[in-house]
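The values are calculated or read from the model by the stated rules, or taken from the named source; none is laboratory data. All values reported here derive from a predicted model rather than from experimental measurement. When we count neighbours, we look across all protein chains shown, and the Cβ atoms used for this are built from the backbone with ideal geometry, even at glycine. For accessibility, only protein heavy atoms count, side chains too; no ligands or nucleic acids. Shrake-Rupley method; radii C 1.70, N 1.55, O 1.52, S 1.80 Å.
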Amino acid sequence: MSLTNRIVRTESRQDERLLGLKSPQRPIFLYGAGVYAYVLYKYLAAKGIVVEAVAVDRQYRSAERFLGKPLLALDEVVSRA
């Protein structure tokens, strides 16, 4: 069993909070497009939580997508709220 599978299958105190993120009325955006965003994206996906998009500061937006999700400038995300 891979480390990722062991982490996802292990019960934690955060599981109840994570279930609250599954609400379709509250889209999930990740901030950052580095290794930690990659790990968090994979973890959330394994828990069944869908990430809507990824946001970065405008000067770091060097692509249109990250992990198949739209890569937005942070000010675009804030203006949606």
query = For labels at Val50 and Ser23 in the simple 7 Å Cα→Cβ model, what's the distance in nm?
reply = 1.7 nm
Amide H contacts under 5 Å for Leu67, placed H, 5+ residues apart = none
query = Once the piece of chain linking Lys42 and Leu67 is laid out straight, how much longer is it, given 0.36 nm per residue of separation minus the C-alpha distance between them?
reply = 8.1 nm
ask   = Taking the mean number of other Cβ atoms within 10 Å as a proxy for protection, how do you rank 52-59, 12-19 from highest to lowest?
value = 52-59, 12-19
ask   = Leaving out ligands, DNA and RNA, what percent of the accessible area of the range 10-81 is carbon and sulfur, probe 1.4 Å?
value = 56 percent
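Determine the percent antiparallel among the DSSP beta bridges restricted to the range 8-81, to the nearest 5.
Given both bridge residues lie in the range 8-81, the antiparallel proportion sits at roughly 20 percent.
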